[in-house]
Amino acid sequence: MRLEPVDTADARAVLRALRGAVLGAGPAVALGATAPRDVPAGTAVVVTTSGSTGYPKSVVLSRAALTSGALATADRLGSGSWLLALPPSYIAGVQVLVRALVADREPAILSGPFHPAAFAAAAAGMASSEGGRRVPTYTSLVPAQLQTLLDAGETDPRIIPALASFEAILVGGQALPAALAARAAAAGARVVRTYGSSETSGGCVYDGVPLDGVGVRVTDGEVQLSGPMLADGYLDDPERTEATFLRDADGTRWYRTGDAGTFDGGMLRVTGRIDNVIVSGGINVSLDRVEHVVRALPGLASAVVVPVADERWGQASVVVAPRAAGRDADDLLAVVRPAVADALGAPARPRAVVLVEEMPHLPSGKPDRAALRALADG
């Protein structure tokens, strides 16, 4: 099968290409820096992304994997109309389009930079009915978009009704801070926390519960996933494929997520990245846990904690947060350090707080942690 690139800046071009790749005979769609070439039969999409650390990977997804994920979502949430508010080069954006194709409904598409007014207008334009019953609407966002909408809703009366109009708003890509989730719920938004990645055709665990057909286990503290939605592997990288996708003696194939997690009352709880740990003064410190504590503090819901070298302790952490009126980095540090010490112990205390005019983000909406590390080191 031929793999052909598509202009990811044109969401409708991506939709047309996906229609052929997922519902037709192809060609397969290259999303990212992948040149035209041949790929295995059944391939629908190759998603190439640098991720938050800058390490490139090209994930090979079949028609069966993508449609399995879309159908499982419909089984869990119901079928209806979808609004694309994410870049179509991002797996969550791809899945919005695939769900629309599987449901045989034309998706609503936001073009250009994300803007609350455009989101509200698109949501209003989706209202329709069949047989006298309202057609449910759905969308998918990252936490930064949800926060932008809630902030805009404080002054624009169109935003909150738009959020509340969706039957479900899938939110993934990164952890959803508890304070932001509470704000969304108070606004009437029906948020569903999703967990997954490009390797799982997008979110496959909703609010801690796997979709039908998805297997979840925690092995040596690592979350591993199985099911028909798994990627075939990484393009031209058999060693990485073999290391990341395991096969049991019974033939079951598992994806090693690299995430730490536990089961809490039968629900999956992801606690952070296994490798996002520093050794400070001989003590292992999980930066995900530090970030969780910091984001619970007033005004720091979007803060990111990154590692830096430290002459005395070997490694330390720095909190990077957006600048706001009336906030001083030293004053914030005086709040952050005791809060982290109380929750996690003195060795986990961040060394500094760095305030920036604007937080750098990847096209997916995730914080650009590589850029944030450079800012912290500077």
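A few comments on the model shown:
- Each label point was placed 7 Å from the Cα along the Cα-to-Cβ direction; for LEU375 and GLN174 their separation is 1.0 nm.
- Sequence-distant contacts, meaning Cα pairs under 8 Å at least 6 residues apart, place the relative contact order of the chain at 12 percent.
- Mean separation of Cα contacts under 8 Å (6+ apart) over length of the range 276-377, as relative contact order %: 27
- 16 Å reach of a label modelled at ASP151, 7 Å along Cα-to-Cβ, counting backbone N of the range 97-116: 114-116
- Per-residue [θ]222 nm for the chain (sum of -39500 (n - 2.57) over DSSP H runs n ≥ 4, rounded to 500): -8500 deg cm²/dmol
- The slack in the chain from ALA164 to ASP275, taken as 0.36 nm per residue of separation less the alpha-carbon distance, amounts to 36.2 nm.
- Spacing of the two label points (7 Å from each Cα toward its C-beta) at MET1 and ASP328, in nm: 6.0
- Here the gap between ARG256 and ASP310, fully extended at 0.36 nm per residue and compared with their Cα-Cα distance, gives a gain of 16.3 nm.
- Of the peptides 89-97, 175-183, the order by per-residue mean of other Cβ atoms within 10 Å, starting with the highest, comes out as 89-97, 175-183.
- Highest-first packing order for the peptide set 123-130, 8-15, 286-293 is 286-293, 8-15, 123-130, based on the mean count of other beta carbon atoms within 10 Å.
- The 3J(HN,Hα) values that the Karplus relation (6.51, -1.76, 1.60; θ = phi - 60°) gives for the range 203-210 are, in residue order, x, 9, 10, 10, 6, x, 10, x Hz. Gly and Pro appear as x.
- Net length gained if the chain between THR219 and ASP10 were fully extended (0.36 nm per residue, minus Cα distance): 71.2 nm
FYI, it's all coordinate maths here, none of it is from the lab. Remember, predicted model here, so these are calculated numbers, not experimental data. FYI the Cβ positions are ideal-geometry reconstructions off the backbone, even for glycines, and counts take in every protein chain you see.
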